[in-house]
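First comes the structure, then the notes that go with it.
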Amino acid sequence: MSDSSAAESIINEIIEIGRLMYDRFLTDAAGGNISVKSWDRIYLTPRYAGARYHWRLPADLINILDLQHNVLAGPTPISRESEMHLALFDAFPEAGSVIHAHAPNLMVFASAGRPMPPVMEYTQKFGTIGLTAPAASHTPQLAREVVAYMSAKREAFARSAQAVLLPGHGVVVMAHDLLEAYDTLERLERNARCLLLQANLPSSPAALP
């Protein structure tokens with residue numbers, strides 16, 4: 001596959017995953033970002049992907065950067081959360097994708113400042129999803145806090161994707177490729193929903209209708 005064909009394939013996959021995230025209520029119009037690292041290039045969704053485009057992104061809006069963070073293609077300025085994505089790729093050369101999302105059930109835990117334990121068999125491998133220290137959106141401090149949290153999960157990252165909640169903000173998933181990142185996000189969002197719905201169950205099964 002030529003370099004141009006490979007880039008086109010990655011961009012199309014990013015566009016499709018962004019559409020799926022929005023359609024399946026894994027993020028909202030207010031924010032979220034997707035990035036992919038492949039060889040010596042980083043691909044990143046643009047600013048206002050949700051607010052202006054409702055995650056129906058034309059291919060020419062996907063930014064392409066080199067590993068020194070120089071913008072090679074796409075609009076500028078780039079995403080305001082790009083520093084967080086780029087910091088993770090710098091700290092984890094083995095990482096291939098990062099998704100930041102505003103998944104509604106995970107946002108409940110993020111807004112409450114509460115870690116999320118795994119309650120589904122298919123989320124056990126991720127363990128409890130913790131929180132970073134508080135940091136404002138779009139700041140170098142947020143990028144540092146996310147890298148610090150993920151650095152403590154480096155050994156676990158060798159086995160599976162890792163995630164962290166951002167207090168009052170959302171969730172970040174770091175994975176080896178984009179499909180793994182998306183799969184992890186959806187699993188964690190379903191886990192969060194199950195936890196929240198469990199709280200509405202009566203204490204006794206006999207009380208169920």
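Listed values, structure above:
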{"item": "Scope region 170-204; condition touching a residue at least 12 places away in the same chain (Cβ under 8 Å) and among the hydroxyl-bearing types (Ser, Thr, Tyr); matching residues", "result": "Tyr182, Thr184"}
{"item": "Single residue of region 25-47 satisfying the filter (farther than 19 Å from Leu166 by Cβ, in a loop (DSSP other than H, G, I, E, B) and not charged (D, E, K, R)) that is nearest to the chain's Cα centre (by Cα)", "result": "Pro46"}
{"item": "Restricting region 86-120 to residues that are among the β-branched types (Val, Ile, Thr) and within 15 Å of Thr27 (Cβ to Cβ), the residue that is nearest to the chain's Cα centre (by Cα)", "result": "Ile99"}
{"item": "Residue match in region 191-201 (condition: within 16 Å of the chain's Cα centre (by Cα) and more than 19 Å from Leu44 (Cα to Cα))", "result": "yes"}
{"item": "Residue match in region 116-128 (condition: surrounded by 13 or more Cβ atoms within 10 Å (Cβ to Cβ), small (Gly, Ala, Ser) and in contact with a His (Cβ under 7 Å, 6 or more places away or on another chain))", "result": "no"}
{"item": "Residue list for region 42-66, restricted to those being more than 14 Å from Ile15 (Cβ to Cβ), surrounded by fewer than 20 Cβ atoms within 10 Å (Cβ to Cβ) and touching a strand residue (DSSP E or B) at 6+ places or on another chain (Cβ under 7 Å)", "result": "Asp66"}
{"item": "Hits in region 146-203 - residues which are outside any helix (DSSP H, G or I), of a type in the set (Gly, Ala, Ser) and within 22 Å of Ser111 (Cβ to Cβ)", "result": "Ala163, Gly168, Gly170, Ala199"}
{"item": "Residue list for region 95-123, restricted to those being in a helix (DSSP H, G or I) and within 17 Å of Tyr182 (Cα to Cα)", "result": "Pro104, Asn105, Leu106, Met107, Tyr122, Thr123"}
{"item": "Residue count, region 67-94 (criterion: part of a strand (DSSP E or B) and β-branched (Val, Ile, Thr))", "result": "1"}
{"item": "Condition met for Tyr22 (modelled with pLDDT of 95 or more, surrounded by 14 or more Cβ atoms within 10 Å (Cβ to Cβ) and part of a helix (DSSP H, G or I))", "result": "yes"}
{"item": "Neighbours by Cβ (under 8 Å, 6+ apart or cross-chain): first from region 140-169, buried (at least 16 other Cβ atoms within 10 Å of the Cβ); second assigned to a helix (DSSP H, G or I) and of a type in the set (Phe, Trp, Tyr)", "result": "Met150/Phe157; Ala161/Phe126; Gln162/Phe126; Ala163/Phe126; Val164/Tyr149; Leu165/Phe109"}
{"item": "Matching residues in region 150-190 - criterion: being closer than 20 Å to Lys37 by Cα, among the acidic types (Asp, Glu) and within 11 Å of the chain's Cα centre (by Cα)", "result": "Glu180, Asp183"}
{"item": "Set Ile10, Ile14: member being in a helix (DSSP H, G or I), closer than 23 Å to His176 by Cα and more than 16 Å from the chain's Cα centre (by Cα)", "result": "Ile10"}
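The values are calculated or read from the model by the stated rules, or taken from the named source; none is laboratory data. Fair warning: this is a prediction, and the values are worked out from it, not measured in the lab. Counting neighbours? That spans all protein chains shown, and the Cβs are built from the backbone with ideal geometry, glycine included.
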